[in-house]
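Note sheet for the following structure.
A short reminder: the numbers here are calculations on the coordinates, not readings from a lab. From a predicted model like this one, the values you see are computed outputs, not experimental measurements. As a convention, Cβ positions derive from the backbone with ideal geometry for all residues, glycine included, and neighbour counts pool all protein chains shown.
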Amino acid sequence: MNNAKTADIINEVKKVIHGKDDVIRKILCAVIAGGHVLLEDIPGVGKTTLAVAFSKALSLDYRRVQLTPDVTPADLLGFKLFDQASGSFKFQEGSIYTNLFLADEINRTSPKTQSALLEAMEERQVTVEGQTRLLSDPFFVMATQNPYGSAGTQRLPESQMDRFMVSLTMGYPDHKNAVAVLKGDSAQDLKCVEPKADAAGLKQMMQEVRSMHVEESLYDYIVAVTEETRSKEFFSLGLSPRGSIALTRMAKAWGYVSGRDYVLPEDVKDVFESVAGHRVQLDPRARAVGTDVSRALHMTIEKVAVPVV
């Protein structure tokens, strides 16, 4: 399978995001797998720039909302407004009617507003005043939250965390790429990002990802890895069935971007932490001995026998 198209998209995003190739690739994989992305990071590392770069490279309509405690569900989903000229109520669209929706600092808004995103993320539709409205096709949510500043934040419930296909951290750039950031101008660099796909092309890639071949033994492997997270050795909460579905879809996308039309066990391993890290809860006993989520996930997947494909 030719991965030139995905390579072109990645290269365009790399024009403005330096030294974060793995994060860029995983976001693209989540997009072509039909999932949503959660970026947990400190302010100022380029999360918004990353989202805008993807919207340009994929020719997608893009909207960003800075979520604060006073943002209401109606701001996102829309509301009916009385039009004096016509003497009737007209629907005023909210900001969610777009292809790529950036929910900035999602944990700073109210639980009610957070919950308003659940139907949109799961079913690509919203219900306003009893009427269901379909969202744009394709539709993706990229949300950010600061894991360090807890003042004025509302922790996302497990049900909503589970709807993000991956959770990623960009982190600080290394010295060389930090120098490249200083030399550049992100606003000007964004103007240089050229479209390498459109909505129709993106949906074609999504269809090709869904058609990726997966050996029967790999399905057993993914289920075995999922069950191992529920063994209570490291985690008090393991992966849900939705988590195992997300792991399968991300592994397909990873293999697709690698230029194959089939999935290998290495694809599952490469995306496992990004898919599982925000879905599991570390057991207090594991935390007490200094084991973090990343280390626990690594030890978990290494305990499962790898099938020969």
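Within segment 231-254, the set of residues being assigned to a loop (DSSP other than H, G, I, E, B) and surrounded by fewer than 14 Cβ atoms within 10 Å (Cβ to Cβ) comprises SER231, LYS232. Contact map, segment 124-136: residues that are assigned to a strand (DSSP E or B) paired with residues that are of a type in the set (Ser, Thr, Tyr), Cβ distance under 9 Å, separation 6+ or inter-chain. Pairs shown: GLN125/THR132; VAL126/TYR97; VAL126/THR132; ARG133/TYR97; ARG133/THR127.
If I filter segment 40-60 down to residues being part of a helix (DSSP H, G or I) and among the hydrophobic types (A, V, I, L, M, F, W, C), which single residue comes out as surrounded by the fewest Cβ atoms within 10 Å (Cβ to Cβ)? Here the residue is VAL52.
Give the residues of segment 255-278 that are under 23 Å from ALA4 (Cα atoms) and surrounded by fewer than 20 Cβ atoms within 10 Å (Cβ to Cβ), sorted by residue number. Correct list: SER258, GLY259, ARG260, ASP261, TYR262, LEU264, GLU266, ASP270. Of all the residues in segment 105-120, those that are among the polar types (S, T, N, Q) and in contact with a strand residue (DSSP E or B) (Cβ under 7 Å, 6 or more places away or on another chain) number 1. When segment 1-39 is limited to residues that are in a loop (DSSP other than H, G, I, E, B) and under 11 Å from the mean Cα position of the chain (by Cα), the one that is surrounded by the fewest Cβ atoms within 10 Å (Cβ to Cβ) turns out to be GLY34. Given the condition within 15 Å of the chain's Cα centre (by Cα) and surrounded by 13 or more Cβ atoms within 10 Å (Cβ to Cβ), answer yes or no: does some residue in segment 86-100 qualify? Yes: one or more hits. Quick test of your reading of the structure: LEU81 fulfils all but one of (1) aliphatic (A, V, I, L, M); (2) surrounded by fewer than 19 Cβ atoms within 10 Å (Cβ to Cβ); (3) under 16 Å from the mean Cα position of the chain (by Cα). Name the failing condition by number. If we test LEU81 against (1) aliphatic (A, V, I, L, M); (2) surrounded by fewer than 19 Cβ atoms within 10 Å (Cβ to Cβ); (3) under 16 Å from the mean Cα position of the chain (by Cα), just (3) comes out false. Only residues that are touching a residue at least 24 places away in the same chain (Cβ under 8 Å), in contact with a helix residue (DSSP H, G or I) (Cβ under 8 Å, 6 or more places away or on another chain) and closer than 30 Å to PRO284 by Cβ were counted in segment 197-230, giving 5. Given the condition without any contact (Cβ under 8 Å) to a residue 40 or more places away in the chain and either over 30 Å from SER258 (Cα atoms) or not hydrophobic (A, V, I, L, M, F, W, C) (or both), answer yes or no: does some residue in segment 156-176 qualify? Within segment 156-176 (the criterion being without any contact (Cβ under 8 Å) to a residue 40 or more places away in the chain and either over 30 Å from SER258 (Cα atoms) or not hydrophobic (A, V, I, L, M, F, W, C) (or both)), the answer is yes, since at least one residue qualifies. Among the residues of segment 187-203, those identified as outside any loop (DSSP other than H, G, I, E, B) and exposed (fewer than 14 other Cβ atoms within 10 Å of the Cβ) are ALA187, GLN188, LYS191, ALA200.
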